[in-house]
Amino acid sequence: MTASELVHLTARELAARIRTREVSAREVVQAHLDRIEQVNDPVNAVVTLVADRALEEARAADEAAARGAALGPLHGLPVAHKDTHDTRGIRTTYGTPLLADNVPDRDELIVERIRAAGAITIGKTNVPEFAAGSHTVNPVFGATRNPYDPRRSAGGSSGGAAAALACGMHPLADGSDMGGSLRNPASFCNVVGLRPSPGRVPTWPDSAPWSTMAVQGPMARTVADAALLLSVVAGPDPRSPIALETPGSAFGGPLEQDLRGLRIAWSLDLGGAVPVDREVRDVLVPAVTVFADLGCAVEEACPELGGADEVFRTFRAWQFHLALGALVESEADRIKPSLVRNVRQGRALTGIDLERATVLHGELFHRMREFFDRYDALILPTSQVPPFPVELEYPDNIDGVPMTDYLDWMRSAYLVSATGCPALSVPAGFTPGGLPVGLQIVGPHRGDLRVLRIGHAFEQATRHGERRPGRSVMRPDGRVLGRHESFGASGQEPRR
């Protein structure tokens, strides 16, 4: 196969071809390194590259295959890790000048598991500073731009990962999600992002190992590939006190399921709790008919999310202060102001504040449990807006409704975070201007496999994820001159 064909295969297809030695790991890695060289500049997704190390690991992978060694499920697949995930011997900056030269001496658990499954690290993907916010821009590497229109945001905080996936720079990506950081960039870049149930993907090291608000998980171009990566990174580990016992292998099988008879709750705006941009509405309303055509019983309904906003913001501020409080006290003038404000909000919390949030969190859990006694899944927008201009920190209003801060526009994602339910963002269509829009599929507690199966059925019925971006040609000042060459293998012309 040609290099351009290799980078458009799914991760499952690539892994199968490497396993049968139809193609070598070195050929696959080199094809993706070439792709990064060709298309990374306009989007700025991969910010640290370890090409020589990756090629050497690919050579060793091919030698292992030749001598009949046991091969992991990701054998020979290139992966670039999120720049907030520690990687042994590879610079990990967290998007902050304070750690611009930081080189960890060990892999964190998610990286450890991906590499143990045979994947080859090729570099790191861009993030906002300390992964705070859903727009990927930082003082170290600048902004990651949307592959479908580089004048727009790629989302965040896993924005570099999502943009790289969309462009064919690597077939799988790891990410993390507190308020939408796996889901929002997936929506913005027309890829798949899964926020797993807390404990499904154990984390280590972790300053708050008992917390359930921040999780790590997979991103990919297809739901099946996301499930493949989940099968590798999920499963118990003694270093995580909340790790779920279900082995990762439970997610590695086929996802095909007959959806006839499933009860689907559909809520465009969570009962008026979140404003939604008109272009997003126009894309997602037809999604309801797709589920009906698949045999589901679809009903407009949403859970009672009272208290979810306070739960999320309280525990987020507490966790930010726990992780960054000391650093902010000594280096506040070198950290972005919105993050400093969040950390100081955490410092100002009282025991009564945490007590109230804990009680509200428990009540929210039981309301969601009862809601999913009546429905098999909830569908809603992943993001309330399409990708916004890259020079903005965040949208200041949605259809005339002002946003109070850099979190407010993410409520359709972070309210779901507060519930503890697994949530999947899957491509759902495009605005008239060609910008991607994602659909969020939420399942009951620990219902990760259910949301993957439902998402897979929707993906196969719609095929929105197969539409890849065009290559944008940009001047040094960032102004878009035009587009040429389809990134995708389908032969579709890029939208202009």
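The values are calculated or read from the model by the stated rules, or taken from the named source; none is laboratory data. Quick caveat, the model's predicted, so the values are computed rather than measured. Quick reminder, even Gly has a Cβ in these numbers, built from the backbone with ideal geometry, and neighbours come from all protein chains shown. Heads up: the accessible areas ignore ligands, DNA and RNA and are worked out on the full protein's heavy atoms, side chains in. Shrake-Rupley method; radii C 1.70, N 1.55, O 1.52, S 1.80 Å.
There is at least one residue in segment 234-257 that is more than 22 Å from the chain's Cα centre (by Cα), open to solvent by less than 30 Å² (accessible area, probe 1.4 Å) and either at pLDDT 95 or above or farther than 27 Å from ARG367 by Cβ (or both). For ARG221, the requirement of being over 13 Å from the mean Cα position of the chain (by Cα) and open to solvent by 20 Å² or more (accessible area, probe 1.4 Å) is not met.
How many residues are closer than 29 Å to ASP399 by Cα, in contact (Cβ under 8 Å) with a residue 12 or more places away in the chain and not in a strand (DSSP E or B) if we restrict to segment 270-300? Adding up the residues that qualify gives 20. Scanning segment 237-258 turns up one or more residues that are among the aliphatic types (A, V, I, L, M), in a loop (DSSP other than H, G, I, E, B) and within 23 Å of LEU380 (Cβ to Cβ). Residues that are part of a helix (DSSP H, G or I) and open to solvent by 10 Å² or more (accessible area, probe 1.4 Å) do occur in segment 438-449. Consider segment 455-472 and keep the residues that are open to solvent by less than 50 Å² (accessible area, probe 1.4 Å) and farther than 19 Å from THR10 by Cβ. The one that is modelled with the lowest pLDDT is SER472.
Taken as a whole, the structure places THR358 among residues that are open to solvent by 20 Å² or more (accessible area, probe 1.4 Å), out of contact with any helix residue (DSSP H, G or I) (no Cβ under 7 Å at 6 or more places or on another chain), of a type in the set (Val, Ile, Thr) and closer than 18 Å to GLY420 by Cβ.
On the stretch given as segment 390-407, residues that are in a strand (DSSP E or B) and open to solvent by 40 Å² or more (accessible area, probe 1.4 Å) total 3.
Candidates in segment 90-132 are the residues that are polar (S, T, N, Q) and farther than 28 Å from ALA31 by Cα; of these, the one that is surrounded by the most Cβ atoms within 10 Å (Cβ to Cβ) is THR96. Counting only helices (runs of 4 or more DSSP H) that sit wholly inside segment 1-63, those with at least 1 residues that are among the aliphatic types (A, V, I, L, M), closer than 20 Å to ARG468 by Cβ and open to solvent by 20 Å² or more (accessible area, probe 1.4 Å) are 3-6. When GLY307, GLY346 are checked against the criterion of being over 24 Å from GLU370 (Cα atoms) and either open to solvent by less than 30 Å² (accessible area, probe 1.4 Å) or modelled with pLDDT under 95 (or both), a single residue qualifies: GLY346.
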